[in-house]
Structures are given as C-alpha cells and as structure tokens.
Amino acid sequence: MDRRSFIAASVAACFVFATPTVAQDFETDNLLISGAFTRASPKMAGAGAGFMTITSKGAADRLVGFKSPNCERPELHTHIHDNGMMRMRQVDGIDVPAGGTVELKPGGFHLMFIKLNKQLIEGETIPATLIFEQAGEVPITLVVKGPGAMN
C-alpha cells in the first residue's frame with residue numbers, strides 16, 4: 001500500500017470509529033420518543049434495561065407494555081426504596097402527563113428485557129415496539145451504549 005492510500009484508509013477508519021451511533025426520535029400525532037438506548041450486556045446476561053424520554057404534545061397517554069424480538073419476557077419496571085435498599089418492581093403502566101414528559105432512566109422507570117436471546121453489543125441497535133393506551137403500537141430502535149451509560 002502506498003503512502004497516499006494508507007493515509008486515506010486511516011482517515012476513513014477514524015471517521016467510521018469516531019462516528020457514534022445516535023438515538024433517533026420517534027413521533028406519533030401526540031407523542032415524541034427520544035434518546036432511546038440500552039446498555040451493553042455481558043455475554044451470559046439474562047436481562048437488560050431500556051431508557052428514553054417520552055413527551056406528550058397534548059393529551060395524556062399511558063405506556064402499558066412493549067415487545068421486542070430480543071427478549072422472551074418484556075416488562076415495565078421502576079426502582080423503589082425498600083428498607084434502605086433499591087429494588088426493581090414491575091409496574092402495570094407508566095403515565096405520560098398531558099403536555100408533559102416522563103423519563104425512563106437508570107434508577108427510575110425503565111423497560112426490562114428479561115431472558116435476552118442475544119448479547120447486547122455496544123454500537124448495535126435493537127428493535128422494540130412500545131404499546132400505549134391511546135397511541136397504540138409505536139415501533140422504536142434502541143441504541144446499545146456502553147455498560148455504564150446513563151443517558
């Protein structure tokens with residue numbers, strides 16, 4: 001490889017590896033879903049969590065579930081303080097207030113991907129479909145970020 005080809009290949013490689021996978025926004029008539037991500041998992045992990053911001057552009061709605069081909073049992077969860085310990089608990093739904101925002105974030109509400117059927121690898125994406133009382137099914141894509149990602 002001559003010097004010019006080597007430099008061109010090096011610049012191209014830097015561009016590819018420096019370009020992060022960025023979360024997309026997903027929209028319905030009434031909802032904006034932004035910043036959807038999950039964290040990379042160890043090879044044998046049985047579960048993963050999904051995070052995002054859901055904003056109502058008008059009427060209230062309620063997230064009542066989700067589905068994903070990447071897990072056997074999708075659940076909605078939150079964290080609660082119980083005798084000085086943080087514990088996860090399944091919830092029946094997550095309210096999105098009229099004209100307001102709800103954050104699904106580490107330490108709070110989140111999607112729980114139970115019985116993963118494949119490892120979550122940083123830089124990849126996974127599909128999911130959010131299920132709302134009013135908006136119905138909303139397909140989204142979650143970006144897989146590093147194991148300690150917070151947003």
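The values are calculated or read from the model by the stated rules, or taken from the named source; none is laboratory data. What you see is a predicted model; the values in this text were computed from it and never measured. Virtual Cβ from ideal backbone geometry, glycine too; neighbours counted across all protein chains shown. Ligands, DNA and RNA are excluded from the accessible area calculation, which covers all protein heavy atoms including side chains. Shrake-Rupley method; radii C 1.70, N 1.55, O 1.52, S 1.80 Å.
A few points about this structure:
- Taking a sphere under 14 Å around the Cβ of Lys115 and counting the other residues whose Cβ falls inside, with K and R at +1 and D and E at -1, yields a net charge of +1.
- Point-to-point label distance, Lys115-Lys57, nm (Cα→Cβ direction, 7 Å offset): 3.7 nm
- Spin-label model distance (nm) - Met88 vs Thr141, 7 Å beyond Cα toward Cβ: 2.5 nm
- Annotation note: trypsin sites (Lys or Arg not before Pro) in region 29-74 located in DSSP loop regions with a Cβ neighbour count of at most 13 within 10 Å are Lys43, Lys57.
- Distances between placed amide hydrogens fall under 5 Å for Ala135 paired with Arg62, all partners being 5 or more residues away or on another chain.
- Applying 0.36 nm per residue to the separation of Glu124 and Ser34 and subtracting their alpha-carbon distance, the gain on full extension is 30.7 nm.
- Karplus 3J(HN,Hα) series, Hz, for region 76-83 with 6.51 cos²θ - 1.76 cosθ + 1.60 (x for Gly, Pro): 8, 9, 9, 10, 10, 8, 9, 6
- Here the Karplus relation 6.51 cos²θ - 1.76 cosθ + 1.60, evaluated at θ = phi - 60°, turns the backbone of region 30-43 into coupling constants of 10, 10, 10, 10, 9, x, 5, 8, 9, 10, 4, 10, x, 3 Hz, with x for every Gly and Pro.
- Ligands, DNA and RNA left out, the 1.4 Å accessible surface of region 23-126 is 49% carbon and sulfur atoms.
- Label point at Ala45 placed 7 Å out along Cα→Cβ; residues across region 123-138 whose backbone nitrogen lies under 17 Å: 123-128
- 21 Å Cα-Cα reach of Lys67 towards lysines, excluding residues that sit fewer than 8 places from it in its own chain: Lys105, Lys115, Lys118, Lys145
- Around Ile126: net Lys/Arg minus Asp/Glu count, Cβ-Cβ under 13 Å: +2
- Put simply, the amide H of Leu31, placed in the peptide plane, has neighbours under 5 Å in Lys57, leaving out anything fewer than 5 places away on its chain.
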